[in-house]
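Every read-out reported here was derived from the displayed coordinates using simple, explicitly stated rules and does not represent laboratory data. Owing to the predicted nature of the structure, the values given are computational and were not obtained by experimental measurement. Cβ: placed from backbone, ideal geometry, glycine included. Neighbour counts: every protein chain shown.
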Amino acid sequence: MKRRIAWLFLLALFLLSCDAEKLFKKAPVIDSVELPERVNQQDTVYARVMATNPEKDALSYHWFVNPDGGVFIDPADGAETRWIARTGGGDYTFTIKVSNSYKSTEKSKIVKVIETGLPSVRIQKPQANAYWIQMHTYSIEVQALHGNGISKVMLYVNDEFQQENSISQNNIYEFTFAPDTSLLGPVKIKAEAIANTTSARAADSVMVTVEGIIPGRYALP
Amino acid sequence: MRRYIFSLALLTTFIIGCQDIPRDNLLDPKNDSSYQASTLLLEAFVNTTAADNYNLWALQALDSMKELYGKRVVIAEYHRDGSPYTSPVFENLYDKYVDNSADNIKGVPDIFLNGVSARVQGASAAATVVSRLNTLLSDWVVRNNYFTLEAEDVKWDDSKISATCRIARLGSEPAEDILLKMIALKQVNSGQLKRVALGIEKSVVISKIEAGEIKTEDFEMGNLLSRPDKVIFCLTSSDELHVYQSIEVNIQ
C-alpha cells in the first residue's frame with residue numbers, strides 16, 4: 001500500500017512539472033521540401049519547404065547545411081531560401097527545421113554538388129627512381145581524392161593495364177606487383193584515378209628501375 | 001760545483017715535469033676514445049656462366065667500388081655456377097644471409113655489405129649497381145670502427161695457407177661473441193674471375209674481448225683448388241651475420 005502511494009505521488013509530481021499545455025499540442029507537418037538533387041559548383045540552389053501547422057500560430061524556419069559551407073544569400077529563416085554551392089564537390093545534407101510555438105519538426109535532403117575538376121592522384125610508394133628487383137613483390141600506394149569520391153584507381157606498368165582497386169583506406173589505394181623477367185631497366189608505374197559522377201580522370205606516374213636476377217638456388221652437384 | 005748544481009737543476013726539472021704519457025692516439029687500444037676507420041666487406045654471390053649480363057654488370061660495379069674506395073673496401077666473390085669454385089660452404093653462407101634478409105628471395109647477382117647490414121641484389125646495368133652500392137658505401141665508410149685487425153705471417157706453404165691475425169678492441173666497451181674468418185681469394189683472370197673465393201676458415205667464437213685488449217688467432221687452410229693470392233680477415237658476429245671490421249692481405 002505504501003509503495004503504491006509513493007508511485008502515485010511521483011506521477012503527480014511529474015505531471016505537475018510538465019507543461020501540460022505543450023504536452024497535447026502538435027508539431028508542424030512538413031509536406032514537401034523542394035531542392036535539386038544535383039548542382040554544379042557555385043550554382044545557386046533554390047530551396048523551399050511546404051509545411052502545415054496544426055496549431056494556429058506562426059511558423060518559424062531554420063535551414064542549415066552539413067558539412068558546413070556554401071553561402072545562404074537569402075536569410076536562412078524563411079520558407080524559401082537560396083544557397084550558393086561551394087566549390088568543393090560532394091554530398092551536402094540540407095536540413096529544414098520548422099517550428100511553431102510548441103514543437104518543431106525537421107526534414108533532410110541531400111544535394112550532390114558536382115565537382116568538375118580532375119581527381120588528385122599521387123603515387124606515394126614507390127618513390128621516383130626506386131630500385132625494384134625481379135621476382136620480388138612490391139607494394140604500391142596511390143593517394144586519390146575527388147570531391148565526389150573516386151570510383152576506382154587503375155594501375156599500369158609501362159602503360160599496360162595490371163590491376164584496379166575501388167577500395168581505399170584513408171584515400172590510399174593499395175596494389176602489389178612483382179616484376180617478372182620481362183621487365184628490366186627503367187619501368188613506368190602509372191596510376192589513373194576515375195572520379196565518381198563525372199568520370200573525370202587523372203593520372204600520376206613514377207619511374208623505377210627493375211634489376212635483373214637469375215633466381216633460385218643453384219643445385220650443387 | 002757549478003756543473004753539479006746545473007745537473008741537479010736539470011734532474012729536478014725532469015722529475016717535476018714527468019707525468020704519465022697521455023694516451024691520446026686514436027689508434028691506441030689503451031685509449032678509451034680510440035677508434036679506427038672502417039674497412040667494408042662486400043661479398044658478391046654470382047653466376048658468371050649465365051647468359052644474362054646481370055652478373056657481369058655487378059662485377060663491373062664492384063671494380064668501380066674498388067677504384068672509388070680503394071683499401072676501404074674489400075671484395076670476395078662466391079661463385080654459384082657449377083664451376084670448380086662453387087662450394088657448399090659458400091652456399092650455406094648464402095642461405096644464412098638470405099634467410100636473415102628482409103627479402104628472402106634468392107637470385108644472383110646478390111651483394112651483401114658487411115654481412116646482412118645491407119644488400120644489393122640484381123642489376124640492369126653496371127651504372128645502377130654502382131649507384132646503389134655507392135649510396136650505401138658512402139654512408140658506411142665514414143662510420144667509426146672499434147676494432148683493429150692486423151695480419152702477419154700470411155704464407156703459402158706448399159699446399160696450405162698459414163696466417164696470424166690480431167684483433168684489438170678499441171674504444172671503451174667490451175665486445176662479446178665474435179668470430180674471425182679468413183677468406184682465401186684468387187685472381188683467376190682479369191675478367192670476371194678477379195676475386196674468386198676459394199675457401200673460408202673460421203676461428204672459434206671469442207666469447208669476450210675487453211676494451212684495450214688484443215687477441216691473436218692463428219689460421220691454417222688447406223685443400224684448396226690452387227694457390228690463392230690474397231686473404232681477407234673479417235671479424236663477424238658469432239652467427240656470421242654482421243661483419244664488424246675487415247682487412248685484405250697479400251699472401252707471401
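The residues packed around residue A:173, meaning those with a beta-carbon under 10 Å from its beta-carbon, carry a net charge of -2 if Lys and Arg are +1 and Asp and Glu are -1.
Nearest 5 is fine: what % of DSSP beta bridges in chain B come out antiparallel, could you say? It would help to have the intermediate numbers written out before the result.
Numbers: 52 of 60 bridges.
About 85 percent, rounded to the nearest 5.
Where in segment A:71-179 are there trypsin sites (Lys or Arg not before Pro) that are in a DSSP coil and have at most 15 other Cβ atoms within 10 angstrom of their Cβ?
Counting only loop positions with at most 15 other Cβ atoms within 10 Å, the trypsin sites (Lys or Arg not before Pro) in segment A:71-179 are A:103.
Between the amide H of residue A:210 and those of A:132, A:185, A:187, distances stay under 5 Å, these residues lying 5 or more places away or on another chain, with hydrogens modeled in the peptide plane.
Considering only DSSP beta bridges where both residues belong to the protein assembly as shown, give the percentage that are antiparallel (nearest 5). Walk me through the numbers before you get to the answer.
On the way: 118 of 133 bridges.
So the antiparallel bridges amount to about 90 percent of the total.
Proximity of backbone amide H atoms, modeled 1.01 Å from N, is registered between residue B:73 and B:40 at under 5 Å, excluding neighbours fewer than 5 places apart on the same chain. In sequence order, segment A:133-144 has phi-based couplings of 10, 3, 6, 7, 9, 10, 9, 10, 10, 10, 9, 9 Hz under the Karplus curve 6.51 cos²θ - 1.76 cosθ + 1.60, θ = phi - 60°, and Gly or Pro positions carry x. Please report the spacing between the Cα centers of segment A:92-151 and segment B:97-126 in Å, no decimals. The two parts, judged by their Cα centres, are 41 Å apart. Counting only DSSP beta bridges whose two residues both lie in segment B:26-148, roughly 60 percent are antiparallel.
Work out from phi, with θ = phi - 60° and the Karplus expression 6.51 cos²θ - 1.76 cosθ + 1.60, the ³J(HN,Hα) of each residue of segment B:111-120, listed in order in whole Hz, and give x for Gly and Pro. Coupling constants for segment B:111-120: 10, 10, 9, 6, x, 9, 4, 7, 9, 10 Hz. With contacts taken as Cα pairs under 8 Å at a separation of at least 6 residues, chain B carries a relative contact order of 23 percent. What's the longest uninterrupted piece of chain B once you rule out the GluC sites (Glu not before Pro) that are loop residues per DSSP with at most 16 other Cβ within 10 Å? Free of exposed loop sites, the longest segment is B:1-209.
Estimated from the Cβ-Cβ distance and a Förster radius of 35 angstrom, the FRET efficiency linking residue A:50 and residue A:188 is about 0.05. Exposed loop sites are taken as trypsin sites (Lys or Arg not before Pro) in a DSSP loop (any state but H, G, I, E or B) with at most 14 other beta carbon atoms within 10 Å; the longest stretch of chain B without one runs B:31-142. Mind checking which of B:180, B:41, B:224 has the largest fluctuation in a GNM of chain B, springs on alpha carbons under 10 Å? In the Gaussian network model the winner is B:224. Each Lys or Arg adds one and each Asp or Glu subtracts one; over the other residues with Cβ under 15 Å from the Cβ of residue A:38, this totals -2.
Mind pulling the per residue volume of the convex hull built on the Cα atoms of segment B:138-252? Å³ is fine.
Details: hull volume 13.2 nm³, N = 115.
With only Cα atoms used, segment B:138-252 gives 115 Å³ per residue.
For residue B:208, the aspartates and glutamates whose Cα comes closer than 18 Å to its Cα, not counting residues fewer than 8 places off in the same chain, are B:32, B:173, B:176, B:177, B:217, B:218, B:239, B:240. The charge dipole of segment A:124-221, taken about the Cα centre with unit charges on the Cβ atoms of Lys, Arg (+1) and Asp, Glu (-1), comes to about 60 debye, rounded to the nearest 20. In order along segment A:105-117, the Karplus-derived 3J(HN,Hα) couplings, from 6.51 cos²θ - 1.76 cosθ + 1.60 at θ = phi - 60°, round to 9, 9, 9, 10, 9, 9, 10, 8, 8, 8, 8, 8, x Hz, and Gly and Pro are given as x. In percent, rounded to a whole number, the relative contact order of segment A:96-145 is 32, using alpha-carbon pairs under 8 Å and six or more apart. With coordinates expressed along the principal axes, the C-alpha atoms belonging to the protein assembly as shown extend over 127, 80, 64 Å, beginning with the largest. For residue B:198, the residues whose amide H sits under 5 Å from its own are B:184, B:185, B:186, ignoring neighbours fewer than 5 places away on the same chain, with H placed 1.01 Å from N.
For residue B:242, what is the net charge nearby, where nearby means another residue's Cβ is under 15 Å from its Cβ and Lys, Arg count +1, Asp, Glu -1? Mind showing how you got there, number by number?
Details: positive: B:96, B:119, B:143, B:181, B:202; negative: B:43, B:99, B:176, B:177, B:239, B:240.
Neighbour charge sum, excluding residue B:242 itself: -1.
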